[in-house]
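Asker: Sharing a structure with you now.
The values are calculated or read from the model by the stated rules, or taken from the named source; none is laboratory data. As the structure is a prediction and not an experimental result, all values here were calculated from the model. Neighbour counts are summed over all protein chains in view; Cβ atoms, including those assigned to glycine, are modelled from backbone coordinates with ideal geometry. Side chains are part of the model used for accessible areas, which takes the heavy atoms of the whole protein and leaves out ligands, DNA and RNA. Shrake-Rupley method; radii C 1.70, N 1.55, O 1.52, S 1.80 Å.
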Amino acid sequence: ELEYTLLGDSTWTPVANVSGGTITIDQLTSNTHYSVRMRSDCGGGDYSTWTMTDFRTDCGVASIPFTEDFSSYGTGTNVYPSCWSKHNTYSTTTLYPYISTTNNPGSLGGSLYFYASASTYDIAVTPELNTDVNTLEVNFYLRAGSTSNGMIVGVMDSRTNFDSFVPVDTVFCSSTSVFQYQEVDLNDYTGNGRFVAIKSYNTNTGALYIDDINITLIPTCKRPANVTVSNIDMTSAVVAWTERGIATAW
């Protein structure tokens, strides 16, 4: 007899025709934690005790738009979003990055906390995406303790092959200790990878935080970037910006 249930649930679903040493349980939900239990039927009402174990199904391919605000997992050094992978070369005891409530730009929950030195890095990798990444735009909020530390946005060809990381662009904050909006188009990427990866870039030891990641198709009409206001006096101010697309009027 073989039965399964959602982890922590008390309602078990029996599996029919169990024989032969192996059997496949079908119609499970991706990225879901299950318990299974099994016992021998020796006939005449003679059963063994149950043997139990649990497992989590693999993650499915994520559709676009893809968003993550790190608000539904809790916080702590062992907390990380489902279906993401990560790697760090800074510490073997504190496995950065992880979800922290130390800083966030206003969303519920926390932000993803990176910490590294000039010779090390942390990397966070999204689930596999269901479209060619060179059609995508990645935007998020970044907070840095130093304006010389930033984030490299790139692409990987598998969830765990960190050597496959291909950088596309590096973004920085113009001010410290405040979340600032960042936007990166992946149209210059020429490979076949479908995993967006965000890798810390440190010129000095320090913390970086990201939150409210949004991955969408690159819009046909892109918003202006680097909007700044200067030369402010009592009756005037100078506004400057960078055009990211093909617009000639604003």
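Asker: Cβ-Cβ under 7 Å, sequence separation 6+ or interchain: first residue in the stretch 74-94 and of a type in the set (A, V, I, L, M), partner modelled with pLDDT of 90 or more. Which pairs?
Answerer: Short answer, once both residue conditions are applied: V79/Y98; V79/I99.
Asker: Then there's this: Report, by residue number, each residue of the stretch 56-71 that is among the β-branched types (V, I, T) and either closer than 15 Å to R194 by Cβ or open to solvent by less than 70 Å² (accessible area, probe 1.4 Å) (or both).
Answerer: T57, V61, I64 - these are the residues of the stretch 56-71 that are among the β-branched types (V, I, T) and either closer than 15 Å to R194 by Cβ or open to solvent by less than 70 Å² (accessible area, probe 1.4 Å) (or both).
Asker: If we keep just the residues of the stretch 153-174 that are in contact (Cβ under 8 Å) with a residue 60 or more places away in the chain and surrounded by 13 or more Cβ atoms within 10 Å (Cβ to Cβ), which is farthest from I213 (Cα to Cα)?
Answerer: Step by step, filter the stretch 153-174, then rank; the result is F162.
Asker: Residue under question is T170, and the condition is that it be in contact with a Gly (Cβ under 6 Å, 6 or more places away or on another chain) and of a type in the set (S, T, Y); does it hold?
Answerer: So T170 passes the test.
Asker: Looking only at the stretch 216-238, how many residues end up being surrounded by 11 or more Cβ atoms within 10 Å (Cβ to Cβ) and either outside any loop (DSSP other than H, G, I, E, B) or at positive phi (or both)?
Answerer: Going through the stretch 216-238 one residue at a time, the tally reaches 3.
Asker: While we're looking at this one, here's another question. Test V125 against the stated conditions and say whether it is out of contact with any Asp or Glu (no Cβ under 9 Å at 6 or more places or on another chain), among the β-branched types (V, I, T) and open to solvent by less than 20 Å² (accessible area, probe 1.4 Å).
Answerer: In short, yes.
Asker: Residues that are over 24 Å from T131 (Cα atoms) and out of contact with any helix residue (DSSP H, G or I) (no Cβ under 9 Å at 6 or more places or on another chain), at least 3 per element: which strands (runs of 3 or more DSSP E) completely within the stretch 1-88 meet that?
Answerer: Passing ranges, in order: 2-6, 13-15, 33-38, 51-56.
Asker: Mind counting the residues in the stretch 186-204 that are farther than 11 Å from T147 by Cα, in a loop (DSSP other than H, G, I, E, B) and open to solvent by less than 50 Å² (accessible area, probe 1.4 Å)?
Answerer: Residues flagged as farther than 11 Å from T147 by Cα, in a loop (DSSP other than H, G, I, E, B) and open to solvent by less than 50 Å² (accessible area, probe 1.4 Å) within the stretch 186-204 amount to 4.
Asker: Would you check if there is a residue in the stretch 205-215 being touching a residue at least 40 places away in the same chain (Cβ under 8 Å) and surrounded by fewer than 15 Cβ atoms within 10 Å (Cβ to Cβ)?
Answerer: No: zero hits.
Asker: If you go through the stretch 175-185 one residue at a time, do you hit one that is open to solvent by less than 10 Å² (accessible area, probe 1.4 Å), closer than 21 Å to P65 by Cα, in contact (Cβ under 8 Å) with a residue 40 or more places away in the chain and not in a strand (DSSP E or B)?
Answerer: no
Asker: Here are some conditions: (1) in contact (Cβ under 8 Å) with a residue 40 or more places away in the chain; (2) open to solvent by 30 Å² or more (accessible area, probe 1.4 Å); (3) closer than 15 Å to D211 by Cα. G110 meets all but one. Which one does it not meet?
Answerer: With (1) in contact (Cβ under 8 Å) with a residue 40 or more places away in the chain; (2) open to solvent by 30 Å² or more (accessible area, probe 1.4 Å); (3) closer than 15 Å to D211 by Cα applied to G110, the lone miss is (2).
Asker: Would you point out the residue of the stretch 1-39, among those that are small (G, A, S) and in contact with an Asp or Glu (Cβ under 8 Å, 6 or more places away or on another chain), that is least open to solvent (accessible area, probe 1.4 Å)?
Answerer: The extreme case among them is S35.
Asker: Pick from the stretch 239-249 the residues that are within 25 Å of T135 (Cβ to Cβ) and either at pLDDT 95 or above or of a type in the set (S, T, Y) (or both): which of them is least open to solvent (accessible area, probe 1.4 Å)?
Answerer: Among them, the one singled out is T242.
Asker: Test each condition in (1) in contact (Cβ under 8 Å) with a residue 60 or more places away in the chain; (2) over 28 Å from T126 (Cβ atoms); (3) small (G, A, S) for S63 and report the one that comes out false.
Answerer: Of everything listed in (1) in contact (Cβ under 8 Å) with a residue 60 or more places away in the chain; (2) over 28 Å from T126 (Cβ atoms); (3) small (G, A, S), S63 misses just condition (2).
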